[in-house]
Amino acid sequence: MLQAELERVLDPETCRGCHEATTHEWEGSMHAYASIDPVFRAMNRKYQATRGDADPSFCIQCHAPLALRYEKSIDGLNLHDVADEYQGVTCVSCHNVDSITRLHNNGIVLRGDDTMLGALENPLANDFHSQDYSTLTDRSQSDSSMSCGSCHDIVNHKDLHLERTYAEWQESLYGTISTENTQGLLNCGSCHMRGRNEVVSAMPKSPIRRRHDHSMPGIDVALLEGFPRREEQREQIQRLLNTSLGAHLCVDARAGFNEISVTLENIAAGHDFPSGATFDRRIWLEIEAYRNNTLVFTKGQVASNQSFESQRENSAWHLHATLQEEEEEEDTHSFWSADSIRENSLEAPKSTAESVDGAHAQERLFVVPGGPLDRVEMRFKLRPIGLEILRELSEDYDLDERLIAEMPTFTLGSTELSWKSETDRRCIPTTP
Ligand code: HEC
Ligand code: HEC
Ligand code: HEC
Ligand code: HEC
Ligand code: HEC
């Protein structure tokens, strides 16, 4: 009976008539893309082929939780035959949460009825769904971070906690209530769902309220052509990435050599940078130095058709993680079978008093022999998923090869710095 009530409100298309703007934002989000994603499907095929006797539903429990609940799929291998309303992280996955049994691997228990849970004061009645208040969907309550966090932390069957966005947030300034931060918290939704003043439903007499953006850009991009607002998503991600990090470049001319220092700081993310699927990301520094207008030093360059892996020997600094399996010499891409992870992320600040020496900031030094330099240039680049990972999925697990060329390489705006001896003092920007 309850199941039938929930079934009535499963399909996001039925929300569009009354919640047009919200549905429009959601349909272009990674939540909507989570299980139609061809990279996900190919990687799930790899998981199924290599998992041994580990849980067949491990991947779809987060990427297509309704398909699993309604037994439309057990292992995700038939997702191409599953109807749209069961695909991805749909409205009810967030708006019908009854309780949370664990803070990783999707411990969300749905109520199973047609009640839409939110945080509106005196919501206007409508004859399509019932509604109620829940702290689990109220951005001003830390409970709401648990609803996000339950899917945003992954523990594999070897007990390795390898995606830790919720745990990182909880250990950060934003997730901790302390003497200096008594009202605490900026929750996931406080940063990821901007509000604006407008109606939230098309019903007559709908009052103006705070309506919250549901597009939730991060790092991952939709590669499929024709996915709603694909280009807009890339622009949103670029804007986020332009302001996530603080960077400083300092150059010191010494007797017979130059010391170049690069400092990087996590200033805007409420968790590590990068967070989540850190092992799939590729994030690296490129740096060049010139004397008399001649290039005399270069490190870290990766061309647009090259994988980071193939240029690893020349790496200057990278922020993504690597995964290891016991008794294997090579790093693995199979996060489900990893025994350990080597992180290089920048942590979120743990308190407002944290100095630049804290783990949210890091510094690297480069030495260039010879006389004074006249120009140094640097930038961090970011690829949501490494090309070598995509190539492997294409070769062995049926990922359409043409999609690989759709993978963008972003330049992180605030890290694009150019120092000139003529006009600049020791460091740019001047005050660290
Ligand atoms: C017939 C119109 C209609 C349809 C269809 C509809 N809603 Fe609503 N919904 C409303 C109205 C009206 C409100 C209250 C708006 C207000 O008070 O400003 C509302 C409020 C909500 C709230 C906030 C509840 C709260 O108490 O904070 C959520 C969440 C919600 N709807 C989700 C959905 C979802 C998901 C769907 C599709 C499965 C959907 N709605 C379909 C009319 C509708
Ligand atoms: C203080 C603001 C803030 C808070 C709080 C916050 N985030 Fe973020 N988050 C950001 C910013 C800024 C980015 C963009 C930088 C980036 O893409 O890594 C980001 C990126 C992300 C990404 C993509 C990360 C990656 O590296 O792949 C995910 C997923 C994410 N956040 C989820 C969450 C969840 C879940 C929570 C709550 C547990 C949360 N965020 C809390 C600001 C915040
Ligand atoms: C990833 C989780 C998530 C998904 C998926 C999601 N929502 Fe929401 N939604 C939220 C959160 C969190 C809020 C903020 C509530 C608050 O703090 O005011 C919210 C708020 C709302 C509101 C109240 C008005 C507002 O903007 O605050 C409506 C209506 C709504 N969502 C409808 C939908 C519809 C329709 C869909 C699917 C097309 C959907 N949501 C998908 C998490 C989600
Ligand atoms: C039912 C599980 C589930 C819940 C609940 C959930 N998410 Fe997600 N989220 C996912 C999955 C799966 C993806 C990745 C989809 C993909 O990239 O294919 C994702 C992607 C994202 C991204 C984009 C990440 C990137 O790297 O681009 C952000 C940001 C995000 N979620 C934030 C949130 C926030 C904020 C909440 C709570 C309001 C939330 N999520 C609740 C499962 C969930
Ligand atoms: C606990 C929930 C959870 C489980 C289990 C899970 N994922 Fe994810 N997945 C996520 C979230 C959340 C993100 C977004 C992470 C981020 O932004 O850093 C994501 C991102 C991804 C992405 C990147 C999306 C893209 O195409 O850009 C792929 C691919 C993916 N997952 C595949 C898998 C596979 C394959 C499995 C099973 C072996 C799996 N996931 C298991 C939650 C989960």
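Values in this text are rule-based calculations from the coordinates and carry no lab data. Keep in mind the model is a prediction, meaning the values are calculated, not measured. Cβ: placed from backbone, ideal geometry, glycine included. Neighbour counts: every protein chain shown.
Derived scalar couplings between HN and Hα for the range 367-375 equal 10, 10, x, x, x, x, 8, 10, 7 Hz in order, rounded to whole Hz, by the Karplus curve 6.51 cos²θ - 1.76 cosθ + 1.60 (θ = phi - 60°), x for Gly and Pro.
The value of relative contact order for the range 230-428, using C-alpha pairs under 8 Å at least six residues apart, is 30 percent.
Take every Cα pair under 8 Å whose residues are at least 6 apart in sequence, average their separation, divide by the length of the chain, and the relative contact order is 16 percent. When each of the peptides 301-311, 195-205, 333-343, 81-91 is scored by the mean number of other C-beta atoms lying within 10 Å of its residues, the order from highest to lowest reads 81-91, 333-343, 301-311, 195-205. Computed from backbone phi with θ = phi - 60° and the Karplus coefficients 6.51, -1.76 and 1.60, the 3J(HN,Hα) list for the range 206-212 is 5, x, 6, 9, 8, 9, 10 Hz; x is used for glycine and proline. Sorting 253-260, 397-404, 275-282 by average packing, meaning the other beta carbons within 10 Å per residue, from highest down gives 275-282, 397-404, 253-260.
For the range 230-428, the convex hull spanned by the alpha carbon atoms encloses 160 Å³ per residue. Taking amide hydrogens as placed 1.01 Å from N in the peptide plane, the amide H of ASN258 sits under 5 Å from those of VAL368, GLY370, each at least 5 positions away in sequence or on another chain.
Residues whose amide H lies under 5 Å from that of THR332, counting only those 5 or more places away or on a different chain, are LEU323, GLN324, GLU325; hydrogens are built 1.01 Å from N in the peptide plane. Karplus-based coupling profile of the range 108-124, in residue order and whole Hz: 6, 9, 7, 5, x, 10, 9, 7, 8, 8, x, 10, 6, 7, 6, x, 5, with θ = phi - 60° in 6.51 cos²θ - 1.76 cosθ + 1.60 and x standing for Gly or Pro. The slack between ARG8 and ALA83, meaning 0.36 nm per residue of separation minus the straight C-alpha distance, is 25.6 nm. Net charge within 11 Å of THR22 by Cβ-Cβ distance, Lys/Arg positive one each and Asp/Glu negative one each, not counting THR22 itself? Once positives and negatives cancel, what remains is -3. Most tightly packed first, judged by the mean number of other beta-carbon atoms within 10 Å of their residues, the peptides 221-227, 267-273 read 267-273, 221-227.
In plain terms, the residue of GLU406, GLU163 with the fewest other Cβ atoms within 10 Å comes first and the most crowded comes last, giving GLU406, GLU163. Amide hydrogen proximity for ARG209: with H placed 1.01 Å from N in the peptide plane, the residues at 5 or more positions away or on another chain lying under 5 Å are GLU198, VAL199, VAL200. In the range 43-94, one over the average inverse separation of all distinct C-alpha pairs is 11.1 Å, which is the Kirkwood hydrodynamic radius. Looking at the range 221-274, the pairs of alpha carbons with a distance over 12 Å make up 74% of the total. For VAL251, VAL296, VAL92, the sequence from fewest to most other C-beta atoms within 10 Å is VAL296, VAL251, VAL92.
Neighbour counts of C-beta atoms inside 10 Å place THR332, THR294, THR50 in the sequence THR294, THR50, THR332, starting with the fewest. Here the dipole of the chain is about 1480 debye; that uses its Cα centre as origin and unit charges on the Cβ of Lys and Arg (positive) and Asp and Glu (negative).
Counting only Cα atoms, I'd like the Rg/Rh figure for the chain, Kirkwood definition for Rh. Across the chain, the Cα-based Rg/Rh ratio is 1.00. For the range 141-261, the extents of the C-alpha atoms along the principal axes are 76, 40, 38 Å, listed from largest to smallest.
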